[in-house]
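Contents: one structure, followed by commentary.
The values are calculated or read from the model by the stated rules, or taken from the named source; none is laboratory data. Quantities reported herein were computed from a predicted structural model and do not represent experimental measurements. Note that we place each Cβ from the backbone using ideal geometry, even for glycine, and neighbour counts take in every protein chain shown. The area values use the complete protein model at the heavy-atom level, side chains included, leaving out ligands, DNA and RNA. Shrake-Rupley method; radii C 1.70, N 1.55, O 1.52, S 1.80 Å.
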Amino acid sequence: PTTQTSVAKPFTETFQDNHLNWLVGINNNLTASLSNNMYTLDIGNASQTYFPHPDAGTLPDNFTLTVLIEQTKGDLNAFYGLAFRLKEDGSNVYCYALSINQNGTYQVLKYDPNASRGFGQMFSVNQPWPSIKQGLNQINTLQAIVHGNTFSFKINNMLVPVNNPPNQTLSDTAYTGGQLALLVAGANASFTVTSVQLAIP
């Protein structure tokens, strides 16, 4: 278990070993494995959402989280991305997340057990976004740039709108601290992560 007192330090994870103590093995409907410089996440036949995370400590107020991730199997209902300020209390999940799907759409989510589906959409686009590589076996680079309560996001190095009218920052004060995580969701879906980087200014 993570001690909530340790503050996260910058790292670049390329999955050569498991020194950051990622989830490995079978967890309910999720099978996680780490080999060949890849972290592979396979979701079984029930549609569920998972937040695999390392023991990297508590996030500071300001940081940049960058994840290289692809979907290798599954239908268009699956989605994947990154999460931050994650706190889990039993089955209750609190965090912010940026997710994309193989259609090329993206959304910024706020997970809150009190929301009707366990999360609310802070922003979403329903049309394919040009910087997202669509389809299976396409590595997308997702990035969250967090300055206190203000967030901006890049997909494949392009800042994306997260507010109406098209504005590139979003603010929310609900969550602080917490952990960084990956986000994978769907049924009969597989995902591969090749890099996770935490940069702290």
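In segment 187-196, the condition of being more than 25 Å from K9 (Cα to Cα), polar (S, T, N, Q) and touching a residue at least 24 places away in the same chain (Cβ under 8 Å) is met by at least one residue. Of the residues Q134, Q143, only one is surrounded by 14 or more Cβ atoms within 10 Å (Cβ to Cβ) and more than 14 Å from the chain's Cα centre (by Cα); which? Just a single option satisfies the conditions, and that option is Q134.
So that you can scan it fast, the table gives a plain yes or no per residue for (1) over 20 Å from Q179 (Cα atoms); (2) touching a Cys at 6+ places or on another chain (Cβ under 7 Å); (3) part of a loop (DSSP other than H, G, I, E, B):
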{"position": "C95", "(1), (2), (3)": "no, no, no"}
{"position": "S99", "(1), (2), (3)": "no, no, no"}
{"position": "K110", "(1), (2), (3)": "no, no, no"}
{"position": "F123", "(1), (2), (3)": "yes, no, no"}
{"position": "P130", "(1), (2), (3)": "yes, no, yes"}
{"position": "L142", "(1), (2), (3)": "no, no, no"}
{"position": "F151", "(1), (2), (3)": "no, no, no"}
{"position": "K154", "(1), (2), (3)": "no, no, no"}
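Consider I69 carefully, then state whether it is open to solvent by 30 Å² or more (accessible area, probe 1.4 Å), of a type outside the set (K, R) and not in a loop (DSSP other than H, G, I, E, B). Spelling it out, it is not the case that I69 is open to solvent by 30 Å² or more (accessible area, probe 1.4 Å), of a type outside the set (K, R) and not in a loop (DSSP other than H, G, I, E, B).
When segment 9-54 is filtered for residues that are open to solvent by less than 60 Å² (accessible area, probe 1.4 Å), of a type in the set (D, E, K, R) and either in contact with a Ser or Thr (Cβ under 6 Å, 6 or more places away or on another chain) or part of a loop (DSSP other than H, G, I, E, B) (or both), only D42 remains. Are any of the residues in segment 103-110 over 29 Å from D89 (Cα atoms) and of a type in the set (S, T, Y)? So far as segment 103-110 goes, yes, one or more of its residues are over 29 Å from D89 (Cα atoms) and of a type in the set (S, T, Y). Once segment 150-171 is narrowed to residues that are more than 17 Å from the chain's Cα centre (by Cα) and surrounded by 14 or more Cβ atoms within 10 Å (Cβ to Cβ), the residue that is farthest from P128 (Cα to Cα) is T169.
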